[in-house]
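Engineer: Below is the structure I would like to discuss, written out as structure tokens.
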Amino acid sequence: MYDLDTRQRALILLRQGVTNREVAQQLDVPRGTVGWWRHEDRKRRGEPFERVHDCPRCAPRPFDRRAYAYLLGLYLGDGHIVSKARQHHLSIYCGDAWPGLVDEAEEAMRKVMATSSTGRRQKTGCVEVKSYTRHWTCLFPQHGPGRKHERPIVLEPWQQEIVDAYPWELIRGLIHSDGCRVTNWTTQLVGGQSKRYEYPRYFFTNKSEDILKICSDTLTAVGIEWKITRKFDDPFNISVAKRASVALMDIHIGPKY
């Protein structure tokens, strides 16, 4: 379907280290076709196969640390990594009510790991945003067997450096995953009459005490007042209700969208 000149141009770019995706975009050729041309070219030249990746921990290479801080928050809240013999991907689960969150999750994945393919799968009440590469376990060493709240979750020094540099991005990711901004209300007697008062409030909910601590430590670092609320005597929610703290959160976070 494609002339010899197009194929030769593709092979020149591929031999220069350009990724399949970039070649496909430049030449308006399906990625599968470009991948087949690369495979046939390698076989013809006897070149050993090495899967292309851009893992910043293995390369190493510069990467978008701001996007990583946000993606780390999403992963700690609603993220999951599948790492099996023939299946490797990162999944972030986003509610249908917030299409902007779906877009941001996919954009963050692409900024952090540009050569990995991404996709979306509609599920009941939510969208699963997926990115395919075994190297997500390099970037999220918190991955392991079992649920996050059933195993220790501790940031590595290089992750903490990124969080220290971009604390608000981590907080955004946490709130966008397992958090919310709500309007609370209460009643008070004023002049003998009951009056209703409304005020905004942020919550972050997670069963992992380690993840709650990561969130609370980061909130403290940016000057947010918070408190822990409990469920059955166990820490469960981080609440931000002080007016000044809510106003600061509104500047950097705001409601989901």
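The values are calculated or read from the model by the stated rules, or taken from the named source; none is laboratory data. Just so we're clear, the structure is a prediction, and the values are computed from it rather than from any experiment. For neighbour counting, all protein chains shown are included, and Cβ atoms are generated from backbone atoms with ideal geometry for every residue, glycine included. Only protein heavy atoms, including side chains, enter the accessible area calculation; ligands, DNA and RNA are left aside. Shrake-Rupley method; radii C 1.70, N 1.55, O 1.52, S 1.80 Å.
Engineer: Looking at the stretch 60-76 only, could you name the residues that are under 15 Å from E104 (Cβ atoms) and within 9 Å of the chain's Cα centre (by Cα)?
Structural biologist: Selection gives A67, Y68, A69, Y70, L71, L72, G73, L74, Y75.
Engineer: Tell me, which residue of the stretch 1-33 that is among the basic types (K, R) and under 22 Å from M113 (Cα atoms) is most open to solvent (accessible area, probe 1.4 Å)?
Structural biologist: R15
Engineer: Hey, another quick one. For F63, which of the numbered conditions (1) under 18 Å from T118 (Cβ atoms); (2) in a helix (DSSP H, G or I); (3) open to solvent by 20 Å² or more (accessible area, probe 1.4 Å); (4) at pLDDT 90 or above fails to hold?
Structural biologist: Failing condition for F63: (2).
Engineer: Search the stretch 170-198 for residues that are free of Cβ contacts under 8 Å to residues at least 24 places away in the same chain and among the charged types (D, E, K, R) and pair each with any residue that is outside any helix (DSSP H, G or I) and open to solvent by 40 Å² or more (accessible area, probe 1.4 Å) when their beta-carbon atoms are under 7 Å apart and the residues are at least 6 apart or on different chains.
Structural biologist: K195/T187; K195/Q188; R196/W185; R196/T187; E198/T183; E198/W185
Engineer: Which of (1) open to solvent by 40 Å² or more (accessible area, probe 1.4 Å); (2) free of Cβ contacts under 8 Å to residues at least 40 places away in the same chain; (3) within 19 Å of H252 (Cα to Cα) does K231 not meet, given it meets every other one?
Structural biologist: (3)
Engineer: Of the residues I162, I211, I228, which single one is under 21 Å from the mean Cα position of the chain (by Cα), among the hydrophobic types (A, V, I, L, M, F, W, C) and more than 21 Å from C94 (Cβ to Cβ)?
Structural biologist: From the options I162, I211, I228, the qualifying one is I162.
Engineer: What residue, of Y93, Y70, is open to solvent by less than 80 Å² (accessible area, probe 1.4 Å) and touching a Cys at 6+ places or on another chain (Cβ under 8 Å)?
Structural biologist: Step by step, each of Y93, Y70 is checked, and only Y93 is open to solvent by less than 80 Å² (accessible area, probe 1.4 Å) and touching a Cys at 6+ places or on another chain (Cβ under 8 Å).
Engineer: When you check S216 against the structure, is it modelled with pLDDT of 80 or more, open to solvent by less than 40 Å² (accessible area, probe 1.4 Å), under 24 Å from W168 (Cβ atoms) and in contact with a strand residue (DSSP E or B) (Cβ under 7 Å, 6 or more places away or on another chain), yes or no?
Structural biologist: It is true that S216 is modelled with pLDDT of 80 or more, open to solvent by less than 40 Å² (accessible area, probe 1.4 Å), under 24 Å from W168 (Cβ atoms) and in contact with a strand residue (DSSP E or B) (Cβ under 7 Å, 6 or more places away or on another chain).
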